[in-house]
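Written out below as structure tokens is the structure these notes cover.
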Amino acid sequence: MTLKYLIQKEFLQIRRNAFLPRLILLFPVVIMCVMPWVMNMEVKNIRVDVVDNDRSTASQRLVRAVEASSYFIFNGQKGSYAEALRDVESGRADIILEISDHRCLIAANAVNGTKGSMGSAYLSQIVQAHGLAGVEAAAPESAHMSAASAPSVLTLYNKHQNYKLYMIPALFAIVMMLLTGFLPTLNIVGEKEAGTIEQINVTPVSKWAFILAKLIPYWIIALFVVTASLLLAWAVYGITSAGPIWLIYVLAMLLALFFSSFGLVVSNYSQTMQQAIFVMWFFVVCLLLLSGLFTPVRSMPAWAYLTTYVNPMHYFIDAVRTVFVRGGGFASVAHQACALLAIGCAMAVWAVQSYKKNS
């Protein structure tokens, strides 16, 4: 009965706050409607110079195809390779296409490695589609390298290579992390600064009841956030989960258990709002960047890869992509779910033990 009234108190505090209800409603909308368009690995607006020494019908068709591509900004045709290279060196162009004797040279500015490599790949596909004799790709100072014939590719998942389908499950983790991590942290620290937590400390309320009362409202908020995110993914992008929806909710609740407990641990050791925010931000950024959200974890150095074994964000992102994109069932994510449960329970016990009623 005591827990019931404590939970009621938490919801009353959230409702009376002028900012929090708006944040809880608007945050998933902004993340799901804006971030999939921004967090896109496609490279566009690549400025290209063309040097056409061939002057054939085929070369002119190729030039028009490059000009019509949405990935490139056509800088026009240059009289010589040296002239085009000066554009690259001065930053007016990113890539050069030289056509000579029915062969092509693609020279890319590799200062921005991603833009150079992706731009070369896009341009190579256009050249191959027009059936010229050969494709040569190089940085402006390097030797030529002949391209092999295009391999046959069979895509099993995400057949249309829609990057939004890959990113939307990971955005669930960002929404959950920020709402269920920061809000409990600021809740307790706010009560410390206001002095209202002293009224709880002199009551016979147990530490477990107090911590659960702080956690349960944010677990309910987590359910709302996941539901809103799934509905927005369906309504805005037409993307739905390939696997069971209930499994996504289970994984989300396990992640919420960790972050809400972790937020309470930070708040128990913090005395001011500023201190709590900086500590939370430090750990949140580290967990996010080392989770595999943006880059594969196998590309990390060996010492950095070891951190993924204790990173709940890594387990959640791996599991939710398995369910959402590949349609996996519980057996496919049992390892990740068990890891999330173990880490979350350990953090919840730490949250209870670190809370001092008589502080």
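Do we have VAL48 as under 30 Å from ILE221 (Cα atoms) and either modelled with pLDDT of 85 or more or acidic (Asp, Glu) (or both) here?
Spelling it out, it is not the case that VAL48 is under 30 Å from ILE221 (Cα atoms) and either modelled with pLDDT of 85 or more or acidic (Asp, Glu) (or both).
Quick check on the stretch 30-77: of everything there that is part of a loop (DSSP other than H, G, I, E, B) and charged (D, E, K, R), which residue is nearest to ALA108 (Cα to Cα)?
Going through the qualifying residues, I end up with LYS44.
Filter the stretch 261-278 for residues that are buried (at least 19 other Cβ atoms within 10 Å of the Cβ), polar (S, T, N, Q) and out of contact with any Gly (no Cβ under 7 Å at 6 or more places or on another chain) and give the result.
SER267, ASN268, SER270
For the stretch 13-26, which positions are more than 28 Å from the chain's Cα centre (by Cα) and of a type outside the set (A, V, I, L, M)?
GLN13, ARG15, ARG16, ASN17
Mind checking which residues of the stretch 225-248 are surrounded by fewer than 19 Cβ atoms within 10 Å (Cβ to Cβ), in a helix (DSSP H, G or I) and without any contact (Cβ under 8 Å) to a residue 24 or more places away in the chain?
Residues satisfying the conditions are THR227, LEU231, TRP234, ALA235, ILE245, TRP246.
Please identify the pairs in which a residue from the stretch 73-87 that is more than 15 Å from GLN60 (Cα to Cα) has its Cβ atom under 8 Å from the Cβ atom of a residue that is exposed (fewer than 12 other Cβ atoms within 10 Å of the Cβ), counting only partners at least 6 apart or on another chain.
Matching pairs, first to second residue: ILE73/ASN45.
Among what's in the stretch 27-75 and is of a type in the set (Gly, Ala, Ser) and within 30 Å of the chain's Cα centre (by Cα), pick the residue that is surrounded by the fewest Cβ atoms within 10 Å (Cβ to Cβ).
Checked the stretch 27-75; the qualifying residue surrounded by the fewest Cβ atoms within 10 Å (Cβ to Cβ) is SER70.
Looking at the stretch 86-100, which of the residues that are crowded, with 20+ Cβ neighbours inside 10 Å and not charged (D, E, K, R) is farthest from the chain's Cα centre (by Cα)?
ILE99
The values are calculated or read from the model by the stated rules, or taken from the named source; none is laboratory data. What you are looking at is a predicted structure, and each value in this text was computed from that prediction instead of being measured. Neighbour counts are summed over all protein chains in view; Cβ atoms, including those assigned to glycine, are modelled from backbone coordinates with ideal geometry.
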